[in-house]
Structures are given as C-alpha cells and as structure tokens.
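Worksheet: the structure to be examined is printed underneath.
The values are calculated or read from the model by the stated rules, or taken from the named source; none is laboratory data. Just so it is clear, the structure is predicted and the values come from calculations on it, not from any experiment. As a convention, Cβ positions derive from the backbone with ideal geometry for all residues, glycine included, and neighbour counts pool all protein chains shown. The protein model used for the area step is the full one, side chains on, heavy atoms only, and it has no ligands, DNA or RNA in it. Shrake-Rupley method; radii C 1.70, N 1.55, O 1.52, S 1.80 Å.
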Amino acid sequence: MHRILLISDNEDVFRITQEVTQEKYKLIWCKYNYEENKKYPDADIVIMYFDINMLKQEISETVIKAKARMRYSMPILALIEKGTPQDIFLILEAGAYDYMEITDSKQNYEKKIEELILWDWYLKKYIYK
C-alpha cells in the first residue's frame, strides 16, 4: 500500500484527504511544527498544505526544508489556499511537483494523488534504480 505524508496544520484538510485516500493509501499526518531535526516518516508522496497566512511567509523555504528532510526526488503536491500565480510559481520552483487550489473538487484531488503515485513509481523504476 502506498504511503502519503500530509504536512498540514489544518484538521479539515486532513479529514478531506482521509476521505479521498480512503482504503487505497496509508495516510500519515504531520504538522509543520514536527520536530525540527527529525526526518519525516517514510512515504511515497507528500502533500503540503499552504493556507493564506503561510503564503505571506517564505513558502519556497518551507518546501526546500521539507525536501531536505526527505529524499530529494520526493514528489510533492502543494495544496494552496487563495494563492497568487507568483505564490504558485515560487512553490513549484522550490521543488513541488504539482499544485492544486484547495477549492478544486475531491475528484481532481484524487486524480492529482494518483498522478503523483505514478510519478513516484516511474522515478523508482527508471531513474533511481
């Protein structure tokens, strides 16, 4: 079973992600204040939620720090709440694989997760043998 690491301080995002992943994937939830010097739990993909307040801070630094605590090639999906095109660009430039507006449907959310799972499979099979 594939493991998804959700990094979010928002319980509603956790509940929605839990509904979308249901019994297909194992969901692991960590908050942003997870012990600074520890690695995140092992996962196949990561979902990072950025709310309005986080977007006002150094968002690219947040993505870079998360990647440093995981494997470098970790596929990351950024969930963004009311982000500007510049916010989205900064998150993608920092290393997120893809992004999604938090207002998108659950079907789109599930599709994005499946795409990241496939990308992780491809990386493991052909790139990082």
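Do the conditions hold for residue 90, that is, is it open to solvent by less than 70 Å² (accessible area, probe 1.4 Å) and touching a Ser or Thr at 6+ places or on another chain (Cβ under 6 Å)? Yes: the conditions hold for residue 90.
Only residues that are out of contact with any strand residue (DSSP E or B) (no Cβ under 8 Å at 6 or more places or on another chain) and not basic (Lys, Arg): list them for the stretch 1-46, please. Answer for the stretch 1-46, where residues must be out of contact with any strand residue (DSSP E or B) (no Cβ under 8 Å at 6 or more places or on another chain) and not basic (Lys, Arg): 11, 12, 16, 19, 20, 22, 23, 33, 35, 36, 37. Restricting attention to the stretch 4-29, the residues that are open to solvent by 20 Å² or more (accessible area, probe 1.4 Å) and within 20 Å of residue 105 (Cα to Cα) add up to 13. Which residues, taken from the stretch 1-21, are closer than 21 Å to residue 101 by Cα and not in a helix (DSSP H, G or I)? 4, 5, 6, 7, 8, 9, 10, listed by residue number. Please verify whether the stretch 30-48 includes one or more residues that are open to solvent by less than 40 Å² (accessible area, probe 1.4 Å) and over 14 Å from the mean Cα position of the chain (by Cα). Within the stretch 30-48 (the criterion being open to solvent by less than 40 Å² (accessible area, probe 1.4 Å) and over 14 Å from the mean Cα position of the chain (by Cα)), the answer is no, since none of the residues qualifies.
Comparison of 1, 54 shows that the only residue that is open to solvent by less than 40 Å² (accessible area, probe 1.4 Å), of a type outside the set (Asp, Glu) and modelled with pLDDT under 95 is 54. Out of all the residues in the stretch 73-81, is one or more on the phi < 0 side of the Ramachandran plot, over 15 Å from the mean Cα position of the chain (by Cα) and modelled with pLDDT of 85 or more? No, the conditions are met nowhere in the stretch 73-81.
Among the residues of the stretch 107-129, those that are over 15 Å from the mean Cα position of the chain (by Cα) and at pLDDT 90 or above comprise 107, 121, 122.
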